[in-house]
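Notes follow once the structure below has been shown.
The values are calculated or read from the model by the stated rules, or taken from the named source; none is laboratory data. All values reported here derive from a predicted model rather than from experimental measurement. Please note: Cβ atoms are built from the backbone with ideal geometry, for glycine as well, and neighbour counts cover all protein chains shown.
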Amino acid sequence: MSQNHIREILANHPTIPVVTFNDTQEVASKMEALIAEGIQCIEITLRTPAAYDCIALAKKHYGERCAIGMGTVVNAAQIEKAVELGVDFMVSPGLNADLAPHFEKSNIAFILGVATPSDIIQGIQLGYDTFKFFPAHLFGGLNALKAYGQVFPTIKFCPTGGITEETYKDYLALSNVISVGGSWM
């Protein structure tokens, strides 16, 4: 249920800013600026000690105008915190068979990261069909996604990592790319 729902979120938001907040003081200005640019969906990373507080603030003050996602999710405790905070979706940089049931149990939309054909096959075996392709620039970028489109025609990707203002439209032009994530916004 929640893995399927991620396609709906991604399809409605072709570009998703990946935001790292260092302090709660940054939330209002960054959120206002993104919303003013027409952004209605963001991923807030768990890369700083202030991340949970920033997600809570963003969800409380901007959750009606913007889908708030939690990124860099790598363990079960973070998934539990995502449930507590009521985020709209979760993003993991990788795919782990032991962690997958925790994502499923959360009833929150989620997308797991892949980079190689073996990762994709493992995800397919778990029943998933939509993946974060990360880090895109280190694992073949556009050329890799073109090849994956031939080998895995039913799979959709959201590439992140090295996507820029100059390249994001090239990624979105691929039929197997549903959206892109990046920090250039």
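Overview of values
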{"read-out": "Enumeration of residues in segment 18-32 that are surrounded by 12 or more Cβ atoms within 10 Å (Cβ to Cβ), of a type in the set (G, A, S) and free of Cβ contacts under 8 Å to residues at least 12 places away in the same chain", "value": "none"}
{"read-out": "Check on L126, under 23 Å from G69 (Cβ atoms) and at pLDDT 95 or above", "value": "yes"}
{"read-out": "Residue that is surrounded by the fewest Cβ atoms within 10 Å (Cβ to Cβ) [pool: residues in segment 1-17 that are in a loop (DSSP other than H, G, I, E, B) and under 12 Å from the mean Cα position of the chain (by Cα)]", "value": "P14"}
{"read-out": "So R47, is it under 30 Å from D129 (Cβ atoms), part of a helix (DSSP H, G or I), among the basic types (K, R) and within 16 Å of the chain's Cα centre (by Cα)", "value": "no"}
{"read-out": "Any hit, segment 61-73, residues being surrounded by 14 or more Cβ atoms within 10 Å (Cβ to Cβ) and basic (K, R)", "value": "no"}
{"read-out": "Selection within segment 116-160 - touching a Lys or Arg at 6+ places or on another chain (Cβ under 8 Å), crowded, with 19+ Cβ neighbours inside 10 Å and in a loop (DSSP other than H, G, I, E, B)", "value": "T160"}
{"read-out": "Of all residues making up segment 161-175, the number that are buried (at least 18 other Cβ atoms within 10 Å of the Cβ) and either over 13 Å from H137 (Cα atoms) or without any contact (Cβ under 8 Å) to a residue 40 or more places away in the chain (or both)", "value": "4"}
{"read-out": "Qualifying residue in segment 59-73 (condition: touching a Leu at 6+ places or on another chain (Cβ under 7 Å), of a type in the set (A, V, I, L, M) and under 20 Å from L126 (Cβ atoms))", "value": "yes"}
